[in-house]
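Below is one structure, written out as structure tokens; the observations come after it.
The values are calculated or read from the model by the stated rules, or taken from the named source; none is laboratory data. Predicted model, so just to flag it, every value in this text is computed and none were measured. As a convention, Cβ positions derive from the backbone with ideal geometry for all residues, glycine included, and neighbour counts pool all protein chains shown. Calculation scope for accessible area: heavy atoms of the full protein, side chains included, ligands and nucleic acids excluded. Shrake-Rupley method; radii C 1.70, N 1.55, O 1.52, S 1.80 Å.
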Amino acid sequence: LRQKWLMDAQVLAAPFKPAGRNRGAAGEASTEMTGRQQLPEIVAALSRVLEEDWEGCPMLVCATEDEHIVVRFGMATLEEEPGLIAYMNVFAASHELVSRHKLRKVVEDWNVTPGDGYL
């Protein structure tokens, strides 16, 4: 009898699926969330903003295959590496473009010098 009751209870305990459309972490609809289609315009906007602030410093802003955005600065013309690191930390935490598209830094790839003259 107890086994039958447990089996009946399992039928009623199906995985919960809320009604309605998919929501993001901030409550936006799935059509309002940043996706792969917007990646080129996000990269272009980031590039414009960073080039305004770091005029004369060669940089590369691009997207990787796994949809990460990479920002690389040329070390040869960079005067102060700690200044750039502090700038990028503040930029990632508080810039309007970053918050609008809900971008997050990948900690294990942050502030990495691969040895090819870029940071």
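For the stretch 72-97, taking the residues that are of a type in the set (Val, Ile, Thr) and modelled with pLDDT under 90, the one that is surrounded by the most Cβ atoms within 10 Å (Cβ to Cβ) is identified as Ile85. Counting only residues that are at pLDDT below 85 and open to solvent by less than 70 Å² (accessible area, probe 1.4 Å), the stretch 102-114 holds 1 of them. Out of curiosity, is Asp53 modelled with pLDDT of 70 or more, within 14 Å of the chain's Cα centre (by Cα) and open to solvent by 70 Å² or more (accessible area, probe 1.4 Å)? Spelling it out, it is not the case that Asp53 is modelled with pLDDT of 70 or more, within 14 Å of the chain's Cα centre (by Cα) and open to solvent by 70 Å² or more (accessible area, probe 1.4 Å).
Screening Gln38 against (1) closer than 17 Å to Val98 by Cβ; (2) at pLDDT 75 or above; (3) surrounded by 14 or more Cβ atoms within 10 Å (Cβ to Cβ); (4) not acidic (Asp, Glu) leaves a single unmet condition, (3).
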